Amino acid sequence: MDRTIRRATADDISGIQRVVANSWRDAYDGLISEEQLVELTDRPAEFYPEERFQRKLNDEELLFFVALAGDEVAGLINFCWGEDNTHEFVESDGCQIRSLYLDPRFWREGIGTSLFETGREAIPGEIDELFVEVLSANERGRAFYESIGFTQIDHRTVTLYGEPLETQLYRRET
């Protein structure tokens, strides 16, 4: 099956919603409460609303890519920079990976790495460092970022849907 990575378009929304929901179901199973996970992912269009996606498409300080397996959205990544888009741990010359999700059917096929490399090559040249935040208990996610050169720099506690969760902060040079 052909694999393609390209900029996301408005036509991708339903596939993106499906991928985000499916990825959350598998990746965060056991990390957040089952009740909360079901409530969030049972209605993908509500969990990841089209308006949120449209704002990202129109933001000049954000890059949004999708990976296609044939005609189906298999994964997505978005990179952002600028004070309005990044969390406080991102330095002024840095860029944050805000999301990287793959449909679990496509895990371990190199799609995540391809999405990352495509986005990394497209970010503005004045950006020197990349940052990402990963749930501490998300061992699969942490291993992925470490495998592509990220180093843990700190940790913090965040509240996600009412639940306090530990996260790890990572950095790497572009």
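Rule-based calculations on the coordinates, nothing more; no lab input. Predicted model only: the values in this text are computed from it and were never measured. Positions of Cβ are generated from backbone atoms using ideal geometry, with glycine treated the same way; all protein chains shown enter the neighbour counts.
What to note about this one:
- Note on the range 87-115 and the range 132-151: Cα centroid distance 10 Å, given to the nearest whole angstrom.
- Estimated D of the range 1-41 in µm² per second, where Rh is the Kirkwood radius over Cα pairs and Stokes-Einstein applies at 25 °C, 0.890 mPa s: 208 µm²/s
- Positive end of the dipole of the range 3-173 (Cβ unit charges, origin at the Cα centre): among Y48, T167, I111, the Cα lying farthest that way belongs to I111.
- Net charge, T118 excluded, C-beta distance under 12 Å - Lys, Arg +1, Asp, Glu -1: +2
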